[in-house]
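What follows is a short report on a single structure.
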Amino acid sequence: MTERLFDGNMMEKEIEEKKRNLKENYREIRENIAAAAKASGRKPEDITLLAATKTVPAEVINYGISLGIDYLGENKVQEFLSKYDEYDKKRCHLQFIGHLQTNKVKQIVGKVELIQSVDSVKLAREIAKCSQRLGIVTNVLVEVNIGGEENKSGVKPEEAKALLREISQIQGILVKGLMAIPPICEKNSEIRRYFAAMRKLFIDIRGENIDNITMDILSMGMSSDYMEAIEEGATMVRVGSSLFGARSYPVK
Ligand SMILES: *Cc1c(COP(=O)(O)O)cnc(C)c1O
């Protein structure tokens, strides 16, 4: 697959079309979220919709913010920084959702309110170090490789608790919950298993009452499966292509 990098030079016509589609897509997704929330005995406002904005120009993102999209997630440091000045930051929560290399941490700490992809003590320590330098505490989620896939980011499910215990000892960083990208499944019934396993882990860890850790956010579900994720207990879904249209850009 060829990777289409963000170039920021989308044609005027393309941008206008994206905005039109976004308005309609957003309305539909909110309805779906409300229905799935209801099916799981919750209220629509209990679920956070985070827009995954990779390859989307800032102009389209800001239009989305004007529609009411208030959580944004970028997954590449360079692309995030290239749009950072343009985001309507007063009206949105900026988060980082992609794999993060330790040497890039200092570029985003202080600019994002939450980093969803912490999967090692080394990464946690670097986030904490950069945060302390700025006199802040950075909120994070621990990413779990719930399918136990090789070459995929995330801590192994059976090692999650130990990692959380270690991170809980570090000043300058606060764990708020868990995030997962389950394996690609042919059937939605298969993916539900992974979502259910995440929810079990989430509840299980919550029950341990580890100091300095809260289990408030369970971030799982993307364009193709966010309704299943909500029905299985997600509190946050990360939706990209269903909001902004298809992109030829692989999810890592
Ligand atoms: C791109 C991305 C998403 C959204 O993917 P879609 O299938 O386009 O909805 C969610 N999470 C992460 C980490 C991503 O990079």
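Restricting the first residue to the stretch 85-102 and requiring it to be over 16 Å from Ala52 (Cα atoms), which pairs with a second residue that is more than 11 Å from the ligand (Cβ to nearest atom) and open to solvent by 70 Å² or more (accessible area, probe 1.4 Å) meet a Cβ separation below 8 Å and a spacing of at least six or different chains?
Correct list of pairs: Glu86/Glu59; Thr102/Lys122.
Given the conditions (1) touching a residue at least 12 places away in the same chain (Cβ under 8 Å); (2) out of contact with any His (no Cβ under 8 Å at 6 or more places or on another chain); (3) surrounded by fewer than 23 Cβ atoms within 10 Å (Cβ to Cβ), and given that Glu113 satisfies all but one, which numbered condition is not satisfied?
Result: Glu113 passes all but (2).
Out of curiosity, is Asp225 surrounded by 19 or more Cβ atoms within 10 Å (Cβ to Cβ) and of a type outside the set (A, V, I, L, M, F, W, C)?
Yes; evaluated as a whole, the condition is true for this residue.
Of a type in the set (Lys, Arg) and either within 20 Å of Asn145 (Cβ to Cβ) or surrounded by 17 or more Cβ atoms within 10 Å (Cβ to Cβ) (or both): does that describe Arg247?
The answer is no for Arg247.
Under 23 Å from Ser117 (Cβ atoms), away from the ligand (no atom under 16 Å from the Cβ) and in a helix (DSSP H, G or I), is that true of Ser82?
Spelling it out, Ser82 is indeed under 23 Å from Ser117 (Cβ atoms), away from the ligand (no atom under 16 Å from the Cβ) and in a helix (DSSP H, G or I).
Given (1) more than 15 Å from the ligand (Cβ to nearest atom); (2) under 19 Å from the mean Cα position of the chain (by Cα); (3) part of a loop (DSSP other than H, G, I, E, B), where does Glu45 come up short, assuming only one miss?
Of the numbered conditions (1) more than 15 Å from the ligand (Cβ to nearest atom); (2) under 19 Å from the mean Cα position of the chain (by Cα); (3) part of a loop (DSSP other than H, G, I, E, B), the odd one out for Glu45 is (3).
Of the residues in the stretch 116-137, how many are crowded, with 21+ Cβ neighbours inside 10 Å and not in a helix (DSSP H, G or I)?
4
The values are calculated or read from the model by the stated rules, or taken from the named source; none is laboratory data. This structure is a prediction, so every number in the text was calculated from the model and none was measured. Here Cβ is always computed from backbone atoms with ideal geometry, including for glycine, and neighbour counts include all displayed protein chains. The accessibility values were calculated without ligands, DNA or RNA, using every heavy atom of the protein model including side chains. Shrake-Rupley method; radii C 1.70, N 1.55, O 1.52, S 1.80 Å.
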